[in-house]
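To start, the structure under review is shown below, and the notes come after it.
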Amino acid sequence: MEFEPVIGFEVHTELKTNSKVWCGCSTEFGAPPNTQVCPVCLGMPGSLPVLNRHAFDIALKVGLALNCSIPERTYFDRKNYYYPDLPKNYQISQQYEPLGRDGWFDIELPDGSCKRIEIDNLHLEEDAGKNIHPEGQMHVDYSLVDLNRAGTPLLEIVTRPDLRGKEEAEAFMRGMKAFLEYLGASDCKMQEGRLRFELNISVRPKGSDVLGQKVEVKNLNSMSVVLKCIDAEIERQSALLEQGGRVAQETRLWDEEKFETRSMRSKETAYDYRYFPDPDLVDVVIDNAMKERLAAEIPELPLARRARFVSQYGLSDYDARVLTAERQMAEYFESAVSVHNNPKTLANWMLGEMKSRLNEMGEDATADDFPVRPAALAELVRMIDDGSITGKIAKTVFPEMVASGKSPSAIVEEKGLKPLDDSALEPIVRKVMADNPKMVEDVRGGKKKAIGGLMGQIMRATQGKANPAVVTPMIERLIAESEG
């Protein structure tokens, strides 16, 4: 029997705020353990939470951008459970009246078609701390707890089971990451835990419209791990069903070494958490003025920006897709175009040389980290366009720009890379023609492609300082003169 996967996600993203959701402690990543804490985020008796209004505004803006139904009044609930990284023994979350319900998010699939993914709900809560398990030490039977992260504003977006297979899951994850970055809701650095995808997956006979038993998989720290997990769960659940077994409703963890998921615990229900409204926090009224103010702050989102890049700049669909996949890259491109209006050539440099260098800088490097700023790249392209340098010289100049941060004009001047003028170039062209009489005869006989052979020789002789736009007519002129 052939089975198909049915997939939904719980997206957890830490919001881009300077302070935590219930107190003024910093949310900066990488501080020494337990140095960004106070009585509120440590759950000390008598401490009282106060809502971070900026975090609430960001969360509400995401809900509006996801086309959610927004309540007139929302409030927070206590989700009760014990875990070492949860100092209060409950998490402040939203169960009964979340910030948004019944929204949707459009994704683009690899074949260019779009698919609408329904959003079940969106709610604001606090993140837990972090358990640290010492590795590489003999006879260690304990774990450490760092509560710096406890109380960081965390937005959870829950989808309905609308995705089928890895390709759709990957398109959703990449689309959601770009969406949150464009909104400025989160920096989405997965290596810092700023964005986490929890997978809900079941399988069912292909063609069936009955949902199978869902399994939740937690602690997936990268998109590649999510995709490997999907493969493993499809194989595991399909094998169980083929053998007449049943899939248990449970929470599982990914085991990277064994390339499989393993059982963590049976899946809890809302009843198990004993939710009740938090008595220390007041309700929040969401009026039309608040929604209108935040809706006005929603920027142009990735799919719309991509369509504009095609229509406004004449880019191919592929180039526009890559340039708009990350907000920083799209903004870099538009900044460069505003300095020198040659969109296609700028796009080629960004998707070629610049992308290659960013990859060398690390998977988390963005255009904001790139040492060559948009105006400098625009200047380099302008110098090619106006004949100040050749394309070959530009390829030499660009690495110097990356390494030194200097402008292309300064590097060209320092290293004497200016193209040769006609008086210096013509003797070299004459010598190359004299050394290659067969190529000259081919050109004279109408074989225009033979000019390319002469051009290659001239470029080598001039170390790339000959401008092809000048060389070609010079060869033609000298051949015509020799005939006369």
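Any residue at all in the range 222-238 that is in a loop (DSSP other than H, G, I, E, B) and out of contact with any Ser or Thr (no Cβ under 8 Å at 6 or more places or on another chain)?
The answer is yes, given that some residue of the range 222-238 is in a loop (DSSP other than H, G, I, E, B) and out of contact with any Ser or Thr (no Cβ under 8 Å at 6 or more places or on another chain).
Taking the stated definitions as given, is H12 assigned by TED's automatic domain parsing to the domain that holds L147 and in contact with a Lys or Arg (Cβ under 6 Å, 6 or more places away or on another chain)?
yes
Taking into account only those residues within the range 114-131 that are over 17 Å from V62 (Cα atoms) and among the charged types (D, E, K, R), which is nearest to the chain's Cα centre (by Cα)?
Top of the filtered list is K115.
Of the residues A171, A178, A185, only one is assigned to a loop (DSSP other than H, G, I, E, B) and of a type in the set (A, V, I, L, M); which?
So the residue among A171, A178, A185 that is assigned to a loop (DSSP other than H, G, I, E, B) and of a type in the set (A, V, I, L, M) is A185.
Which of the residues that make up the range 141-175 are buried (at least 22 other Cβ atoms within 10 Å of the Cβ) and farther than 19 Å from G112 by Cβ?
Listed by number, the residues that qualify are L147, N148, R149, A150, G151, T152, P153, L154, L155, I157, T159.
Scanning for something β-branched (V, I, T), in a loop (DSSP other than H, G, I, E, B), out of contact with any Leu (no Cβ under 6 Å at 6 or more places or on another chain) and buried (at least 22 other Cβ atoms within 10 Å of the Cβ), does the range 6-24 turn up at least one residue?
Within the range 6-24, one or more residues are β-branched (V, I, T), in a loop (DSSP other than H, G, I, E, B), out of contact with any Leu (no Cβ under 6 Å at 6 or more places or on another chain) and buried (at least 22 other Cβ atoms within 10 Å of the Cβ).
Take G112 and decide whether it is over 30 Å from L42 (Cα atoms), surrounded by 17 or more Cβ atoms within 10 Å (Cβ to Cβ) and either free of Cβ contacts under 8 Å to residues at least 40 places away in the same chain or of a type in the set (G, A, S) (or both).
Here the answer is no, as G112 does not meet what is asked.
Given the structure, is K218 modelled with pLDDT under 90, under 24 Å from P98 (Cα atoms) and either buried (at least 22 other Cβ atoms within 10 Å of the Cβ) or not β-branched (V, I, T) (or both)?
yes
How about the range 352-427: which helices (runs of 4 or more DSSP H) wholly inside it have at least 1 residues that are more than 18 Å from F333 (Cα to Cα), in contact (Cβ under 8 Å) with a residue 12 or more places away in the chain and hydroxyl-bearing (S, T, Y)?
Fully inside the range 352-427 and qualifying: 391-404, 408-415.
Could you check how many residues of the range 65-82 are assigned to a strand (DSSP E or B) and surrounded by fewer than 19 Cβ atoms within 10 Å (Cβ to Cβ)?
Number satisfying all stated conditions: 3.
Restricting attention to helices (runs of 4 or more DSSP H) lying wholly within the range 297-343, give those where 3 or more residues are among the hydrophobic types (A, V, I, L, M, F, W, C) and in contact with a Pro (Cβ under 8 Å, 6 or more places away or on another chain).
Those helices (runs of 4 or more DSSP H) span 327-339.
Any chance the range 87-106 includes a residue that's touching a strand residue (DSSP E or B) at 6+ places or on another chain (Cβ under 6 Å) and either β-branched (V, I, T) or farther than 29 Å from E297 by Cβ (or both)?
yes
Given the criterion at pLDDT below 95 and either assigned by TED's automatic domain parsing to the domain that holds K177 or not acidic (D, E) (or both), identify the matching residue among Y332, Y318.
Only one candidate passes the filter, namely Y318.
Scanning the range 135-175 for residues that are among the small types (G, A, S) and touching a residue at least 40 places away in the same chain (Cβ under 8 Å), which turns out farthest from A232 (Cα to Cα)?
My answer is G151.
Among the candidates K448, K465, K431, K438, single out the residue that is more than 30 Å from P374 (Cα to Cα), assigned to a loop (DSSP other than H, G, I, E, B) and not acidic (D, E).
Result: K448 is the single residue among K448, K465, K431, K438 that is more than 30 Å from P374 (Cα to Cα), assigned to a loop (DSSP other than H, G, I, E, B) and not acidic (D, E).
Here is a list: P49, P32. Which entry is surrounded by fewer than 17 Cβ atoms within 10 Å (Cβ to Cβ) and either over 20 Å from F197 (Cα atoms) or out of contact with any Leu (no Cβ under 7 Å at 6 or more places or on another chain) (or both)?
P32
The values are calculated or read from the model by the stated rules, or taken from the named source; none is laboratory data. The structure displayed is predicted, hence computed values, not measured ones. Backbone-built Cβ (ideal geometry, glycine too); neighbour counts: all protein chains shown.
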